[in-house]
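S.K.: Input: one structure, supplied below.
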């Protein structure tokens, strides 16, 4: 069967998320849907849409035998892959509500989500993974069945059954839901402060958001996505999972995040969806490699990025032509093509979202011909509201609003959004829902921004804005973005609310100096463009990295600012007391 290169499914044709899947199976049954590495065979396996449909039917038969009713919640504790996709589609077709968990999250966080959602069935990576969750002092009595993906069992918990024993040998005809406004998924917030909240997204929320995204960055049936973010992350789920389904593109799942470099070269994707931290890591590795090379090689790399950036700006009408652009073809062969080869050499769409991408990182990659498009949104908006496009790309912005998405700036500078992408509300939390969505249907994002020439520019978080004791206001996010590109600094938090000056809490990179004076000097070199009052005057060196394991980072790789502030509160107080004493004695 010949499939046209551009074959999008409209929201009206899909109606629901499982309807989207069934329509894709009908249109292109023999086209590749998913690719995944089979460690037992040591080979990559491709699944067609027809084969995926047969697998979903088996999962659906298994779920139907559990006596679940439409609206019941089922949780999935695996990061991604074909099993995740088959489980999710089977559940949605039965009218069940899918609750995705971050597979590497702390057991206590996972237990909270499973209990709060009232999940009746859980798909876990292993019996051991579930045992850790069940050991938490949380009431998980609603859970009647746990399926272990790796085939392990737990003699002490009869609810746990290996997948091979649970999954039927064959399935029947696919069941399907038909109510587009029905609750499809409960996605829990990262929880940068306080307990996570369950965000209720309907089928229509996500279907329309995927369609709007596809309208901004057209994806074809020839495209191949490399999926490496966990599918509990709504950016990956909507843009890296449902957009390909809507377009008829293939999704290859990375083996492990540590093997992403190899998988880029094997899969050779044309599209990726990522958070800034991944681009930052690749940027840092490239510059570490360059640091060991002779000066001419470093000079060529910098020249290639600068000329490429000028060419990009010229193409978008933001810079004039200059004779240095004649060097672009030569520099592309010598340098830029090698940078693109690190991504497989075929990349045409590289989405960045979830947090702000440092300008220096964006300029470097775009200058080398890596087509990065920064976007914006939040889980509560399904999640994308804005994204740069091929013809309108300013990486300092998050681009124009998607079709069907309304954006406006409130009098206090807060970014508001309205449209079919806005969540149904927070699970069992009407006060929080009313606080987030006003009477006019506008979702309050908590971010500040401005609109210029139709593009949205994010300026910071309302709650994160630092007000010094002088009344001067500072966005710590902007400063942290400027600092984090330093190869000696792995993580940084700028603080100073109600204080006379700023302090940076720093996690140095491995092997880097831990001397305060050295780190402070490097920070100052990156912050010269900021006003004088926005000067970091002291550095506190962190005791350890901020990770998921010590609960100082969220599942979406955002720092838990308040927890870090609480952890270093005494040291911060001591630093400010010392500075006050020195100032008094001067």
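The values are calculated or read from the model by the stated rules, or taken from the named source; none is laboratory data. Because the structure is a prediction, the values reported are computed rather than measured. So basically every Cβ, Gly included, is an ideal-geometry build from the backbone, and we count neighbours across all protein chains shown.
S.K.: Identify all residues within segment 4-45 that are without any contact (Cβ under 8 Å) to a residue 60 or more places away in the chain and part of a strand (DSSP E or B); write none if there are none.
M.R.: If the condition is that a residue be without any contact (Cβ under 8 Å) to a residue 60 or more places away in the chain and part of a strand (DSSP E or B), then 38, 43, 45 are the ones that fit.
S.K.: Right, next: Would you confirm whether or not segment 117-126 contains a residue that is touching a strand residue (DSSP E or B) at 6+ places or on another chain (Cβ under 6 Å), farther than 28 Å from residue 556 by Cβ and either crowded, with 17+ Cβ neighbours inside 10 Å or modelled with pLDDT under 95 (or both)?
M.R.: Checking segment 117-126: not a single residue is touching a strand residue (DSSP E or B) at 6+ places or on another chain (Cβ under 6 Å), farther than 28 Å from residue 556 by Cβ and either crowded, with 17+ Cβ neighbours inside 10 Å or modelled with pLDDT under 95 (or both).
S.K.: Could you look through segment 201-225, keep only residues that are in contact with a strand residue (DSSP E or B) (Cβ under 8 Å, 6 or more places away or on another chain) and outside any helix (DSSP H, G or I), and pick out the one that is nearest to residue 383 (Cα to Cα)?
M.R.: Step one: list which residues in segment 201-225 are in contact with a strand residue (DSSP E or B) (Cβ under 8 Å, 6 or more places away or on another chain), which gives 201-203, 205-206, 209, 212-213, 216-217, 219, 223-225.
Subset that is outside any helix (DSSP H, G or I): 201-202, 217, 219, 223-225.
Numbers: 201: 10, 202: 12, 217: 15, 219: 18, 223: 22, 224: 22, 225: 19 Å.
By that ranking, first place goes to 201.
S.K.: Please go through segment 226-247 and pick out each residue that is under 21 Å from residue 344 (Cβ atoms), modelled with pLDDT of 95 or more and in contact with a strand residue (DSSP E or B) (Cβ under 9 Å, 6 or more places away or on another chain).
M.R.: 226, 227, 228, 235, 236, 239, 240, 241, 243, 244
S.K.: Could you please let me know if residue 30 is assigned by TED's automatic domain parsing to the domain that holds residue 201, surrounded by fewer than 16 Cβ atoms within 10 Å (Cβ to Cβ) and closer than 27 Å to residue 208 by Cα?
M.R.: Working: assigned by TED's automatic domain parsing to the domain that holds residue 201: yes; surrounded by fewer than 16 Cβ atoms within 10 Å (Cβ to Cβ): yes; closer than 27 Å to residue 208 by Cα: yes.
Against the criterion (assigned by TED's automatic domain parsing to the domain that holds residue 201, surrounded by fewer than 16 Cβ atoms within 10 Å (Cβ to Cβ) and closer than 27 Å to residue 208 by Cα), residue 30 qualifies.
S.K.: Okay, moving on. What's the number of the condition residue 131 fails, among (1) in a helix (DSSP H, G or I); (2) surrounded by fewer than 21 Cβ atoms within 10 Å (Cβ to Cβ); (3) touching a helix residue (DSSP H, G or I) at 6+ places or on another chain (Cβ under 8 Å)?
M.R.: Only one criterion is unmet by residue 131, namely (3).
S.K.: So which strands (runs of 3 or more DSSP E) stay within segment 381-476 end to end and still have 2 or more residues that are crowded, with 17+ Cβ neighbours inside 10 Å?
M.R.: Fully inside segment 381-476 and qualifying: 384-387, 414-418, 443-452, 455-461.
S.K.: So residue 158 fits all but one of (1) under 24 Å from residue 196 (Cβ atoms); (2) not in a helix (DSSP H, G or I); what number is the exception?
M.R.: (1)
S.K.: Within 29 Å of the chain's Cα centre (by Cα) and free of Cβ contacts under 8 Å to residues at least 60 places away in the same chain: is that true of residue 474 in this structure?
M.R.: No.
S.K.: What are the residue pairs meeting all of these: first residue in segment 254-278, first residue under 26 Å from residue 384 (Cα atoms), second residue part of a helix (DSSP H, G or I), Cβ atoms under 7 Å, and 6 or more apart or on different chains?
M.R.: Note: pairs meeting the criteria are 254/260; 254/263; 273/235; 273/236; 273/239; 273/240.
S.K.: Checking the conditions here, which among 394, 490, 438 is outside the structural domain of residue 113 (by TED's automatic domain parsing) and more than 26 Å from residue 274 (Cβ to Cβ)?
M.R.: 438
S.K.: Another question about this same structure. Looking only at segment 353-370, decide whether some residue is modelled with pLDDT of 95 or more and assigned to a strand (DSSP E or B).
M.R.: There is no residue in segment 353-370 that is modelled with pLDDT of 95 or more and assigned to a strand (DSSP E or B).
S.K.: What tally of residues in segment 226-242 results from selecting those that are in a helix (DSSP H, G or I) and either within 17 Å of residue 20 (Cβ to Cβ) or free of Cβ contacts under 8 Å to residues at least 60 places away in the same chain (or both)?
M.R.: Number satisfying all stated conditions: 8.
A quick yes/no check of all residues on (1) surrounded by 14 or more Cβ atoms within 10 Å (Cβ to Cβ); (2) out of contact with any helix residue (DSSP H, G or I) (no Cβ under 8 Å at 6 or more places or on another chain):
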residue	(1), (2)
304	yes, no
310	yes, no
317	no, yes
320	no, no
326	no, yes
350	yes, no
353	yes, no
367	yes, no
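S.K.: Output the qualifying pairs, or none if there are none: Cβ atoms under 9 angstrom, residues six or more apart or on different chains, first residue in segment 187-202 and on the phi > 0 side of the Ramachandran plot, second residue modelled with pLDDT under 80 and assigned to a loop (DSSP other than H, G, I, E, B).
M.R.: Every condition considered, the pairs that remain are 191/555.
S.K.: Okay, next question. Being assigned by TED's automatic domain parsing to the domain that holds residue 575, out of contact with any strand residue (DSSP E or B) (no Cβ under 6 Å at 6 or more places or on another chain), under 22 Å from residue 468 (Cα atoms) and assigned to a strand (DSSP E or B), is that true of even one residue in segment 525-534?
M.R.: Looking for residues that are assigned by TED's automatic domain parsing to the domain that holds residue 575, out of contact with any strand residue (DSSP E or B) (no Cβ under 6 Å at 6 or more places or on another chain), under 22 Å from residue 468 (Cα atoms) and assigned to a strand (DSSP E or B), one finds none in segment 525-534, hence no.
S.K.: So, in segment 535-578, how many residues would count as being in contact with a strand residue (DSSP E or B) (Cβ under 7 Å, 6 or more places away or on another chain) and outside any loop (DSSP other than H, G, I, E, B)?
M.R.: So the answer is 14.
S.K.: Right, here's the next one. Give 483, 505 a once-over and let me know the one that is part of a helix (DSSP H, G or I), in contact with a helix residue (DSSP H, G or I) (Cβ under 7 Å, 6 or more places away or on another chain), at pLDDT 90 or above and within 28 Å of residue 354 (Cα to Cα).
M.R.: None of the other options fit; the residue is 483.
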